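Accompanying notes for the structure given below.
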């Protein structure tokens with residue numbers, strides 16, 4: 001019986017290593033001075049740490065354990081989702097008044113409307129410093 005258990009363990013370990021080599025996505029999210037990290041394809045596979053580097057290390061161990069338990073329980077392992085091919089372009093319809101206000105704000109900054117809107121969108125999803133506040137203006 002011990003030989004059979006060793007074979008099963010070895011088979012699970014081999015499969016875990018196979019899945020660890022696949023390109024699963026890692027989401028790293030700042031949260032009150034810490035970092036939450038997750039692998040969205042593996043539901044419930046998440047952890048947290050004090051630094052981004054530490055978060056990446058701990059999610060790898062969480063991933064290993066998640067895969068091991070799922071394989072031992074006979075649950076299916078989801079495949080990594082494919083990377084999307086984004087063109088970097090999309091159209092947005094806005095009210096005429098907002099369009100006018102955006103054009104004026106871009107002109108006041110001395111940048112194109114495209115750059116102004118792209119920067120505003122980037123700030124909405126990932127905080128970046130505002131140049132205007134760096135010099136006290």
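The values are calculated or read from the model by the stated rules, or taken from the named source; none is laboratory data. Since we're looking at a predicted model, the values are computed, not measured. All Cβ positions, even for glycine, are placed from backbone atoms using ideal geometry, and neighbour counts span all protein chains on display.
May I ask you to list the residues in segment 65-108 that are over 24 Å from residue 47 (Cβ atoms) and in contact with a helix residue (DSSP H, G or I) (Cβ under 9 Å, 6 or more places away or on another chain)? Hits for segment 65-108 are 92, 94, 99, 102, 103, 105, 106, 107. The condition of being assigned to a helix (DSSP H, G or I) and under 30 Å from residue 16 (Cα atoms) holds for only one of 102, 67, 42, that being 67.
Just to be sure, is residue 53 within 26 Å of residue 18 (Cβ to Cβ), modelled with pLDDT under 95 and assigned by TED's automatic domain parsing to the domain that holds residue 21? Here the answer is yes, as residue 53 does meet what is asked.
Give 5, 32 a once-over and let me know the one that is at pLDDT below 90 and within 24 Å of residue 125 (Cβ to Cβ). First the steps, then the outcome.
On the way: 5 fails: within 24 Å of residue 125 (Cβ to Cβ).
It is 32.
Within segment 70-99, the set of residues being without any contact (Cβ under 8 Å) to a residue 40 or more places away in the chain, surrounded by 13 or more Cβ atoms within 10 Å (Cβ to Cβ) and not in a helix (DSSP H, G or I) comprises 78 only.
Answer yes or no as to whether residue 21 is under 30 Å from residue 125 (Cα atoms), modelled with pLDDT of 90 or more, out of contact with any helix residue (DSSP H, G or I) (no Cβ under 8 Å at 6 or more places or on another chain) and outside the structural domain of residue 126 (by TED's automatic domain parsing).
Working: under 30 Å from residue 125 (Cα atoms): yes; modelled with pLDDT of 90 or more: yes; out of contact with any helix residue (DSSP H, G or I) (no Cβ under 8 Å at 6 or more places or on another chain): yes; outside the structural domain of residue 126 (by TED's automatic domain parsing): yes.
In short, yes.
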